[in-house]
Amino acid sequence: MKKVLFITNIPAPYRIDFFNELGKLVDLTVLFEAKSTPVTTFNYNLDSVRNFRAVFLSDGFIRERKVDWKILPFLRKGAYDHIIVTSYGYATEAAAILALKARHIPYEMELDGGIVRNENPISHAIKSLLIRGAVRYWSTGAQTDRFLSTFGIDQSLIQRYPFSSISEQEIVDRPNGEQERTAAKQRLGIAHQKLVLSVGQPLHRKGFDLMIRAAKELPKGTGVVIVGGKPREEWSKLMQENNVSNVSFVEFSSKETLNDYYRAAEVFALPTREDVWGLVINEAMAHGVPVVTTDGCVAGCEMIQDSINGFLIPCESVETLAERISRLLNDDMLRECVAIAGLEKVRGYTLEAMARAHANIFNLN
């Protein structure tokens, strides 16, 4: 069985789930920089680690700009068949990359996604130093491939894998019917006849200001719920200035409560300006909820075939956002067809598929 070392930042629950799946197929050790961050919204549970060895450099918060030199003894030549680094943006992992290069130890780099940006030459040069030099790059799709190509990475070094946070058993057999959605709305105390759901942290790049503007144009009886935190002050002002009363923000919720929101929703919308992936797209599809998102969402670009298994719209287009959501809300047959096509697509994007893709490549060499 291949011996594999993953070097990553913190034990996000979906990462633990993936490592548990991969640990069934390889001899896996995962080196975490720390157990959490100052803004972490999940609780780390040691009992959730089942099929791999978890090693923590720190029991406290991660320090993005400070190197934890305790990582160096783990970087030994011949200790593992594969060493995979998942980030170059944290000082400790950047130091690990440079140490691996200096010690001539082969390593691989895994990216959740990638967005091509116009950046200054110095920043690009630093990133290039850290990104170049791996023997393999794990990419989530064409968008990430393009990102890597801007740093001169040869396409022959890139291996694709399906990125996900959901297991096969979490994918529903069929979209919820009206009766099931109504029951979920009642459990959540939602009085609106139809629900548009969005999930994400209250950050400008998530585009929830665009969702607020679009909400005024949605069919009568439609409510918008945004799960993930309190609204930014400018969003509250925007709702007041535009007399928007059908948008509400909900604090971060447990997985079961969030699942109920998915069960209640007719449409899922993520009007993001930029998401390196966007796992909520996987989650919505897995619950049989049709998705509307933007070309700034890498998950959307990779998983959605526009008008077939979702809608992919231009960033910043409030008019198009409102029109596509309204089209789904007003046409039950279209909504079901899009949702069913989404379910078919997401079956290829599970934690199990993600683990198998890794193990298959590991076993080739």
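General remarks:
- When you restrict to C-alpha pairs under 8 Å that are six or more residues apart and normalise by the size of the stretch 128-238, the relative contact order lands at 21 percent.
- Extension gain for the segment K216 to L72, taken as residue separation times 0.36 nm less the Cα-Cα distance, is 46.3 nm to one decimal.
- With contacts taken as Cα pairs under 8 Å at a separation of at least 6 residues, the stretch 221-365 carries a relative contact order of 19 percent.
- Each Lys and Arg adds +1 at its Cβ and each Asp and Glu adds -1 at its Cβ; summed about the Cα centre, the chain shows a dipole of about 1020 debye.
- Highest average packing first - 276-289, 73-86, 341-354, 18-31, Cβ atoms within 10 Å: 276-289, 18-31, 341-354, 73-86
- Ranking I105, H287, L258 by Cα position along the charge dipole of the chain, where only Lys, Arg, Asp and Glu carry charges on their C-beta atoms, puts I105 farthest toward the positive end.
- Distance (nanometres) between label positions extended 7 Å along Cα→Cβ at S248 and V49: 4.0 nm
- Evaluating 6.51 cos²θ - 1.76 cosθ + 1.60 at θ = phi - 60° for every residue in the stretch 219-234, the Karplus couplings come out as x, 4, x, 9, x, 10, 10, 10, 9, x, x, 5, x, 5, 4, 5 Hz, glycine and proline recorded as x.
- Packing rank of 297-307, 264-274, where each peptide gets the mean count of other beta carbons within 10 Å, highest leading: 264-274, 297-307
- Over the chain: helical MRE at 222 nm, DSSP H runs n ≥ 4 each giving -39500 (n - 2.57), nearest 500: -11000 deg cm²/dmol
- Inter-probe distance in nm under a simple model that places probes 7 Å from Cα toward Cβ, at R205 and I122: 2.1 nm
- The chain: relative contact order in percent, alpha carbon pairs under 8 Å with at least 6 residues between: 16 percent
- Checking the cross-link pairs K66/K127; K101/K127; K3/K345; K2/K101; K2/K66 against a 26 Å limit on the alpha carbon distance flags K3/K345; K2/K66 as lying beyond it.
- Take 144-151, 106-113, 208-215 and order them by the average number of nearby Cβ atoms within 10 Å per residue, most first; the result is 208-215, 106-113, 144-151.
- Set of lysines near K194 by C-alpha distance (under 18 Å), chain-local residues within fewer than 8 positions excluded: K185, K216, K220
- Potential extension, T257-I158 segment - 0.36 nm per residue separation minus Cα distance: 31.8 nm
Every read-out reported here was derived from the displayed coordinates using simple, explicitly stated rules and does not represent laboratory data. In this text, all values refer to a predicted model and were calculated from it rather than measured experimentally. Glycine gets a Cβ as well: all are built from the backbone with ideal geometry, and neighbour counts include every protein chain shown.
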